Every structure is written in structure tokens, then in C-alpha cells.
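**Q** Structure below; questions to follow.
Here, each number is a calculation from the coordinates, and none is a lab measurement. Bear in mind the structure is a predicted one, so any value in this text is a computation, not a measurement. Ideal geometry is used to build each Cβ from the backbone, glycine not excepted, and the neighbour counts take in all protein chains shown.
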Amino acid sequence: MPIAGVVILTREEMTSQVLNQLQNVENVTTYGVHKNNNIVAVFEGQTPKELERINDKLINEVPGILGIYPAYVNYEDVEEQND
């Protein structure tokens with residue numbers, strides 16, 4: 001199963017709201033806030049494309065997110081699929 005550790009940069013005044021919304025998103029696990037506006041999270045998916053879809057959905061649908069930056073991505077056990 002592919003996973004990605006990410007830092008989600010938010011507008012500082014909206015960090016709490018973004019964190020609350022992320023806690024209700026399937027395949028996203030949050031691990032708290034670092035330096036006021038950086039949310040540490042892990043995305044999980046069945047394919048690397050699914051990780052991209054999670055990223056794109058959050059950027060487009062959650063107000064207050066300025067960017068999502070991967071710290072690591074692991075999908076060594078996944079065969080390349082066209083989806």
C-alpha cells in the first residue's frame with residue numbers, strides 16, 4: 001500500500017479548522033501541528049495515483065490549505081498500474 005508523509009502548509013488563522021476537516025477525510029491521518037501552521041499527516045492509498053487524488057482533492061476543497069509538501073513517499077510493494 002502506497003503511503004506518503006506530508007506537511008500541509010495552512011493559513012495560520014485557519015490551521016485549527018483545516019486540522020478538524022482533515023480528521024474526517026478517509027485515508028488521511030494527522031499527527032498534529034508544527035510551528036503554528038504546518039500540519040503533519042500521512043496519506044494512504046491503493047495506488048500512487050490515489051495518493052495524487054487525495055492531494056488534489058484537499059488542495060481544491062479545503063479552504064486554508066496553501067500547499068501540501070511530501071516528506072517521503074513509499075510504494076515499493078506496488079506494481080505499476082494504469083488507472
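**Q** Below 8 Å between Cα atoms, with a sequence gap of 6+, how large is the relative contact order for the chain in percent?
**A** Values: 148 pairs, mean separation 37.9, N = 83.
Result for the chain is 46 percent.
**Q** Once Kirkwood radius over Cα pairs in Å is worked out from the coordinates, which option in [x] 18.3; [y] 13.7; [z] 12.9 does it equal?
**A** [z]
**Q** Just order 23-36, 48-61 by mean Cβ neighbour count inside 10 Å, highest at the front, would you?
**A** 48-61, 23-36
**Q** Another question, if that's okay. With only Lys, Arg, Asp and Glu charged, each at its Cβ (+1 for the first two, -1 for the last two), find how big the charge dipole of the chain is about the Cα centre; round to the nearest 20 debye.
**A** 460
**Q** Once both axes come from the Cα atoms, what is the angle between helix 48-61 and the longest principal axis of the chain, in degrees from 0 to 90, rounded to 10?
**A** In the chain, helix 48-61 runs at an angle near 20 degrees to the longest axis.
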